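The values are calculated or read from the model by the stated rules, or taken from the named source; none is laboratory data. This one's a predicted model, so the numbers in the text were calculated from it and none came from an experiment. Cβ placement follows ideal geometry from the backbone for every residue including glycine, while neighbour counts extend to all protein chains displayed. All accessible areas refer to the heavy atoms of the entire protein, side chains included, with ligands and DNA or RNA removed. Shrake-Rupley method; radii C 1.70, N 1.55, O 1.52, S 1.80 Å.
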Amino acid sequence: MNGRRAGAMTALGAAAAVLLAGCGVPTTGVVDVGEPANGLATAPAARSEAVAFFLDGERLQAAGRNVSGESDPVTAAVDLLFAGPAAVGRPDLTTRLPQPPVTADVRTEGRTVTVRLPAGVRRLDPLAMRQLACTVVVAFPAALSLPAWPPPSGEAAPQPTTAPVRVEVTTPGWHLAQTAPTCPPPSLPFATSTKPPS
């Protein structure tokens with residue numbers, strides 16, 4: 001009985017070895033195939049570019065910096081603008097916006113963007129208002145997934161099919177508004193700094 005059982009077990013073992021070999025499973029011991037995995041690969045953080053308008057004399061000049069792709073495009077652009085030209089590595093440019101930088105609260109409702117500034121901020125002059133309005137207008141299409149502005153090089157600018165963007169700036173002491181400012185198209189590509197605002 002024991003001899004039969006041993007013989008059956010041997011035959012079964014041999015059959016299993018044949019089947020495993022037929023399936024491509026090696027009959028050898030551990031095979032070294034390199035270092036073990038040390039964690040799951042993570043996708044790089046989404047990045048996008050915020051563009052703000054600073055001044056070269058009295059002429060508007062666009063400059064940009066990479067920001068987190070999770071940021072609201074309009075808020076990211078306004079924050080960059082208020083951080084000043086140093087935030088984009090352009091000490092050759094200036095700004096007419098309040099210095100030191102102030103914290104702006106940006107709200108978008110429909111095609112109106114309201115920028116609330118804290119009490120005590122002086123009223124923006126026309127050039128500072130153009131800086132802010134153009135910064136908002138350029139960032140606005142990304143906020144609504146609209147076609148990019150300006151259009152790619154060599155393509156004609158699309159004719160507006162909807163109402164223009166209205167930019168309102170308000171503080172406890174004053175209120176300004178501008179619709180459809182005349183903005184120079186950014187010269188692409190322009191120098192981009194990845195240095196965060198200090």
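Things worth noting here:
- The distance between label points at Ser48 and Ser71 comes to 1.1 nm (points 7 Å beyond Cα on the Cα→Cβ vector).
- Ordered by 1.4 Å accessible area with all protein chains kept, Asp92, Asp125 run largest first as Asp92, Asp125.
- Three-way shape call for the stretch 66-119 based on the alpha-carbon gyration tensor, with the a/c threshold at 1.5: oblate
- Gain on full stretching of the segment that runs from Arg111 to Asp92 - 0.36 nm per residue minus C-alpha separation: 3.5 nm
- Computed from label points 7 Å out along Cα-Cβ, the spacing between Ala180 and Arg59 is 2.6 nm.
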